[in-house]
Amino acid sequence: TSGLRVGRFTSPHLQSYTERIQINDGNITEEAFGNLISRVKVAVDTIITNGIEAPTQFEILTAAAFLFFKEQDVDSQ
């Protein structure tokens, strides 16, 4: 990675959802993953309350990954 912090989001996972979100080949921690999903759930609840169709599981996980990469200040996704 030439010294860059590279974020990677993959699907599907083999054993754990945490495999899907990585920075430089290191999986997101379970604690960080749980925190992200809790925060994305707040947005999902707002979407549903406003009468908009609920996002799919894949869309929720993608949103969580992008949020994580932004907060971790990765150089590339």
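With the requirement that a residue be exposed (fewer than 13 other Cβ atoms within 10 Å of the Cβ), part of a loop (DSSP other than H, G, I, E, B) and among the aliphatic types (A, V, I, L, M), what does segment 1-57 give you?
Leu4, Leu14, Ile52, Ala54
Looking at segment 67-77 only, could you name the residues that are more than 18 Å from Ser16 (Cα to Cα) and assigned to a helix (DSSP H, G or I)?
Narrowing segment 67-77 to residues more than 18 Å from Ser16 (Cα to Cα): 67, 69-77.
Answer for segment 67-77, where residues must be more than 18 Å from Ser16 (Cα to Cα) and assigned to a helix (DSSP H, G or I): Leu67, Phe69, Lys70, Glu71.
Every number in this text was worked out from the coordinates using simple rules, so none of it is lab data. Everything quoted here is computed from the prediction, not taken from an experiment. Here the Cβ is made from the backbone with ideal geometry for all residues, glycine too, and neighbour counts use every protein chain on show.
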